[in-house]
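Here's the structure we're looking at; comments come further down.
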Amino acid sequence: MRKSIDGLMAIIRDSFSMDPFENSVYLFCGRRGDRLKALHHEKDGFCLMYKRLDSGRFQWPRNRSEVRPLTRQEFRWLMEGLAIDQPKAIQASSARDF
């Protein structure tokens, strides 16, 4: 969790081949799992946010194969200390013709 904006941008670009200037929020978690940094690019520069849980750990992917985009709901669950995958959650339905 020592990296700042430039270091996190390099990880996004070099390790994940993604564009740090996209309209996205990139999340990074420390080894202990109780701290999280978020990087977001706005029109006039980058915003770096930091969150530390008082107790517990974030339910975080542990390897690159688990890295994925999150929905707003999954992001909310993560920020609340819940698992990203909630098996009993109602999934969004697609439009169907009856």
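Read the figures in this text as sums done on the coordinates, not as results from a lab. Keep in mind the model is a prediction, meaning the values are calculated, not measured. Methodologically, a virtual Cβ is constructed for each residue, glycine included, from the backbone with ideal geometry; neighbour enumeration extends over all protein chains shown.
Just a few scattered comments:
- Loop-located chymotrypsin sites (Phe, Trp or Tyr not before Pro) across the range 1-96 with a Cβ neighbour count of 13 or fewer within 10 Å are Phe16, Phe21, with loop assigned by DSSP.
- Positive dipole terminus of the chain, leading residue within Ala38, Met18, Gln59 (C-beta point charges): Gln59
- Computed from backbone phi, the HN-Hα couplings of the range 13-20 come to 6, 7, 7, 10, 6, 10, 9, x Hz, rounded to whole numbers (Karplus: 6.51 cos²θ - 1.76 cosθ + 1.60, θ = phi - 60°; Gly and Pro given as x).
- Cleavage-rule hits (trypsin sites (Lys or Arg not before Pro)) in the range 16-66: DSSP loop, at most 16 neighbouring Cβ within 10 angstrom: Arg31, Arg32, Lys43, Arg57, Arg62
- Helical content alone sets the calculated 222 nm signal of the chain at -3500 deg cm²/dmol, taking -39,500 (n - 2.57) per DSSP H segment of four or more residues and averaging over every residue.
- Taking label positions 7 Å along the Cα-Cβ direction at both Met49 and Asn23, the computed distance is 1.7 nm, reported to one decimal.
- Sites listed here are GluC sites (Glu not before Pro) in the range 10-88 whose DSSP assignment is loop and whose Cβ has at most 14 other Cβ atoms within 10 Å: Glu22, Glu80.
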